Every structure is written in C-alpha cells, then in structure tokens.
1. Does the range 1-88 classify as rounded, prolate or oblate by the C-alpha gyration tensor (a ≥ b ≥ c root eigenvalues; a/c under 1.5 gives rounded; else a/b over b/c gives prolate, otherwise oblate)?
2. What base-10 log of the normalised intensity I(q)/I(0) is obtained for the range 185-342 from the Debye formula, alpha carbons as equal point scatterers, at q = 0.12, 0.16, 0.17, 0.21 Å⁻¹?
3. What number do you get for the range 12-166 when its Cα radius of gyration is normalised by 2.2 N^0.38 Å, N = residues?
4. What number, in percent, do you get for the relative contact order of the chain if the mean sequence gap of Cα pairs under 8 Å and at least 6 apart is divided by its residue count?
5. What list do you get for Ile102, Ile129, Ile203 if you sort them by fewest beta carbons within 10 Å?
6. Which entry in (i) 31.6; (ii) 34.0; (iii) 26.0 is this structure's computed mean projected area of the Cα convex hull in nm²?
7. For a quick protection proxy, order the peptides 250-260, 521-531, 77-87 by their average other-Cβ count within 10 Å, most packed first.
8. Can you tell which of Thr123, Gln49, Val258 lies farthest toward the positive end of the dipole of the chain, using +1 and -1 charges on the Cβ of basic and acidic side chains (Lys, Arg; Asp, Glu)?
Amino acid sequence: MAKGSDLLVAALENEGVDRIFGVPGEENLDVVESLRNSSIKLILTRHEQGAAFMAATYGRLTGKPGVCITTLGPGALNLTTGAAYALLGAMPMIMLTGQKGIMSSRQAKFQIVDVVSAFKPLTKLSLQIVSTSGIPTIVRDAFRIAMEERPGPVLLELPEDIAGEESEDVAMVAPHPIEIPVAHRASLDRAADMILKAKRPLIMLGAAASRPRSTAGIGGFVRRTKIPFFTTQMGKGTVPGGSNLYMGTAALSERDYVHEAVDRADLIIAIGHDTIEKPPFIMGPKGPQVIHVSYTPANVERVYFPQCEVVGDVGPSLELLADRLEGRLHHAGALLSLRESILARIGDRATEDRWPPTPQRIVHDVRKVIPEDGVVALDNGMYKIWFARNYRTYVANTLLLDNALATMGAGLPSAMMAAMLHPERRVLAVCGDGGFMMNSQEMETAVRLKLNLVVLILEDSAYGMIRWKQAVDSFPDFGLTFGNPDFVKYAESYGAKGSRVESTDSLIPTLENAFKGGGVHLVVVPIDYSENTRVLVDELREKLKQVIEPTV
C-alpha cells in the first residue's frame with residue numbers, strides 16, 4: 001500500500017528529480033513527509049516567487065523541468081509571475097500546489113481559490129489530480145508536456161485527501177527519449193536556394209537557439225557557411241562571441257549600430273527566433289527576406305513574417321542545410337566589412353574613469369572578472385540593455401536575462417540556481433536596487449545553502465528604466481524614486497558579506513576579492529545613467545538624422 005503523496009514523490013524520482021524548491025503548507029504535509037523519506041532534497045525558499053524563478057532557471061539551463069511546490073490559495077497564486085516567466089521564456093517547469101480535500105471539507109470555502117483555472121492561461125497544462133491510481137501517468141505526461149517544444153510550465157494540484165489516501169502500489173511509467181524530427185527536405189532545398197542567391201546574407205540567433213540540445217549544430221552551421229551573425233538578447237552566447245563573424249547584439253529594436261548590418265542585408269536567417277522576445281529587428285515590405293529556422297513554425301506578426309520556414313530539430317536540420325551550402329557561398333562575408341566599426345562604436349567609452357561609473361564601464365569591468373564559462377544573471381532594468389549590447393559572451397547560457405516577460409525580481413533567484421548547478425564557476429547576479437529588493441529575502445536561502453555567489457547591486461534609488469523613459473517622453477520626473485537600506489549592513493544581517501565600491505577603479509578589485517573570499521557577497525556600486533540619453537537617444541538619433549526616439 002502507498003499513499004498518494006508517496007506515489008507522487010516516486011513518480012518525481014522516476015523522472016530524475018533531485019531537488020524541489022518552495023514553501024509548503026498545511027495541505028502539503030503528506031507530500032513533505034514523503035519527500036523526507038526520498039532521495040529528493042527540499043529547498044525551502046522565503047517566497048514562492050523565488051522558488052518558481054529557481055525552478056524555471058533549472059529548466060532553462062538543463063532542458064529538464066525544475067520543480068517547485070506551494071500550498072493552496074495565497075501560496076499558489078504567488079507562483080503566477082514565475083509561471084508567466086517560464087511560459088514566455090520557454091523554460092520547462094512543474095509546479096505542485098496543494099488544495100483542501102475534494103471529497104469532503106471541514107473548513108468550507110476557507111482559502112479555496114480555483115487555482116487550476118487561474119493558471120490555465122499561464123501554463124501548457126493545469127490539472128487537478130483526483131485519484132491516486134492515475135498519479136504516475138499524470139506525472140509522466142506532465143514532464144513530457146513541459147519538455148516538448150515549445151517548453152514551458154505545467155501545474156499539478158494535489159488535494160490533501162488524495163495525497164493522504166492509501167491505494168495499491170501503481171507501476172511507474174518509464175521515461176524515454178523523444179527525438180524531434182528534422183526539417184522536411186523540400187524546406188531545406190527552398191532555404192538553400194534562397195541563401196545561395198543572397199548577395200548580403202546575415203544570421204540572427206534567437207532565444208530558442210540557447211536550448212542545450214541545439215548549440216553544437218548552430219555553431220557548426222556558422223562555421224561551415226562563414227556567414228556573419230548577430231544575436232537577440234536571449235540568443236547571446238549560442239555561437240562564441242569571440243568568433244570573427246560576430247556582428248553584435250540587437251539590444252534595441254532598430255536604429256542601433258548593429259542595425260547597419262541588418263538594414264543592408266538582403267537575407268536574414270533567423271535561427272531560433274521567438275516573437276515572444278522584444279523584436280530584434282522590424283520587418284517591412286522593403287526589408288530583407290527572412291528564413292525562419294526553429295523547432296516550431298513562426299508566429300506571423302506585423303513585425304515578423306518570414307518568407308521561408310525550416311521547422312524541425314534545429315541542430316540536425318542546420319547540419320543538413322550546411323551540407324547544401326558549404327563551399328558554395330561566394331557572398332557569405334559581404335557584410336563583414338561593417339563589423340569592426342559596429343563593435344568599436346558599441347565599445348565606446350568602456351574604460352572612462354567617471355564617478356559614479358557609467359553602464360559601459362560596469363559592463364567592461366564585469367567582463368574582466370568573469371571567466372568565459374562564468375555566469376552573469378541579470379535582473380530587469382536599464383542595465384539589461386547595456387549588458388545585452390556590450391557584454392561579449394563565449395559560451396551559451398552564460399548571460400541569463402529575461403527579454404520575454406522582462407520581470408523584475410528574477411535576477412537573484414536565477415543566479416542562485418546557476419550557482420547550485422555550477423559550483424565550480426563564478427556566478428554573478430547583477431540587480432538594480434529596485435529589482436533586488438523584490439526578492440532580496442532569498443539572500444537568507446543562498447547563505448543557508450552555502451552558495452558561492454556574488455551579487456552586484458547598481459544603486460540609483462529609482463526605478464531607473466521607467467524614469468528614463470518618462471524623461472525621454474517629456475513627462476515630469478514623478479513617482480519613481482525611493483530610499484534604500486544600507487546594503488552592506490543588509491547583507492551582513494543575513495550572514496553574508498557586504499562591500500561598497502567607493503571609486504571607479506576599485507570595482508574590479510572589489511569583485512575579485514568577493515569571488516576569492518567565497519560564500520555569498522553583496523557588492524553595491526552607484527551608477528551614472530546619463531549615458532542612457534547621450535547614447536541611446538541623442539547619439540543614435542544623430543547617427544540616422546531622425547527625430548524619433550528609439551524603441552527599446
């Protein structure tokens with residue numbers, strides 16, 4: 001005989017789950033007891049949102065669903081932002097929530113919310129488990145659905161009476177690998193014909209190119225075709241940024257320096273582009289032709305309507321496409337003459353000795369202390385544009401940012417997950433003071449887990465991105481500034497270390513000392529955001545002789 005909770009935990013073990021994040025409640029106590037007697041580690045967090053961000057990042061970095069657990073009602077609803085983060089970001093995740101008994105309830109409607117219905121728009125599947133015998137099948141299907149393209153979150157609600165109910169043992173359903181079909185031969189031939197006819201081809205690498213399964217095939221395609229490439233914000237690192245073919249990252253939607261190459265291209269091969277990400281370029285009737293290469297067909301949008309689609313397992317499909325092209329592309333490098341000037345302009349003033357430091361200087365100094373395989377996890381703020389634009393990446397998934405939901409509060413939990421998965425690497429969370437305080441309580445979790453993690457807080461005492469847009473749009477400065485705690489003392493109160501950078505030239509040594517010292521270390525530095533207007537408005541406006549503010 002086995003309880004429903006035992007079957008649930010056994011099914012999770014059957015899927016290879018080794019850790020679960022979250023804040024259980026009264027309705028999960030049977031599950032908690034089953035976890036206590038299992039091989040799975042329960043990682044208690046200080047807020048359900050942080051647990052969801054950690055589980056989603058686990059899925060992002062491994063390709064396998066991360067798992068988080070909450071109680072009913074208020075606990076479950078705290079997962080909504082994390083669910084949307086995983087859904088828009090295509091991160092596989094399983095959310096386990098509790099509920100009052102469904103066969104009888106002695107507490108009437110107390111705390112009861114229709115969680116399953118609430119999560120249907122935010123998940124690939126939202127389901128209540130109503131019998132013990134179906135648990136192994138339901139869990140197996142949940143993991144399959146979470147992982148299959150397009151990946152995303154699944155919610156399973158387990159009522160407490162089903163969790164505590166005993167039943168006969170039920171056999172587990174063995175997982176098996178599922179190979180994704182490669183693209184159809186006709187679409188490969190059509191794409192190859194378009195590429196062979198192109199005079200100025202350009203590759204774009206998007207969010208889906210960052211899937212762990214696809215990066216090798218993508219790198220081989222770029223190497224074999226020798227076509228220059230640029231990336232979206234979430235596509236950074238999928239091909240080494242040190243390659244002589246890298247043209248930059250589209251941190252803005254248009255009119256940035258990398259768009260000099262985009263605008264001159266007559267064909268863009270968009271690999272792994274997901275229109276859930278803010279547009280890296282805007283298609284128009286007179287623009288270049290576009291070939292969409294991805295796991296799923298293109299979503300046709302006003303700004304994205306490709307003329308050819310290569311749909312299938314991206315890596316193997318690109319190998320077949322490269323077979324049709326290698327050695328035959330006489331115009332492959334036609335746009336490379338623009339590369340040096342684009343990258344030089346993006347790196348302008350990166351070593352300027354101004355106090356407080358500029359975003360360019362902070363990005364430059366962070367790159368100096370982070371090895372090629374080190375991980376930088378960004379929260380959401382104005383600095384995200386600067387890191388996307390200026391930070392060179394050499395390995396996939398070493399710059400973790402969210403350009404889909406673009407939520408604040410995810411930077412610290414995402415970095416914590418990266419530190420758990422890669423304890424041998426340097427991991428840095430970069431947060432604005434606004435975003436950091438949204439989940440700063442997870443500092444206690446990081447200390448309790450004995451993580452090696454450095455948190456860099458960029459302090460401007462404001463919700464800086466919106467304040468900047470407020471100024472750009474000629475609104476009065478209103479409603480977006482706040483006060484901060486003493487961040488050094490705040491870190492120390494959690495048992496972490498804290499340092500404040502007092503001069504521009506001390507940022508690198510302070511970060512170095514933080515990494516060498518080990519443990520959780522918070523470093524706070526003020527930031528001068530005046531460059532936002534100088535570069536992202538005035539300079540780009542002057543470059544194109546336009547008076548329209550850029551879309552960011």
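1. The shape class here is oblate.
2. For the range 185-342 at q = 0.12, 0.16, 0.17, 0.21 Å⁻¹, log10 I(q)/I(0) is -0.42, -0.79, -0.91, -1.56.
3. After normalising by residue count via 2.2 N^0.38 Å, the value is 0.94.
4. Relative contact order, the chain: 13 percent.
5. Starting with the residue having the fewest Cβ neighbours, the order is Ile102, Ile129, Ile203.
6. The value matching this structure is (iii).
7. In decreasing order of mean packing, 250-260, 521-531, 77-87 become 77-87, 250-260, 521-531.
8. With unit charges placed on the Cβ atoms, the residue in question is Val258.
Computed from the coordinates by the stated procedures, all read-outs in this text should not be read as laboratory data. Bear in mind the structure is a predicted one, so any value in this text is a computation, not a measurement. Note that each Cβ is placed from the backbone with ideal geometry, even for glycine, and that neighbours are counted across all protein chains shown.
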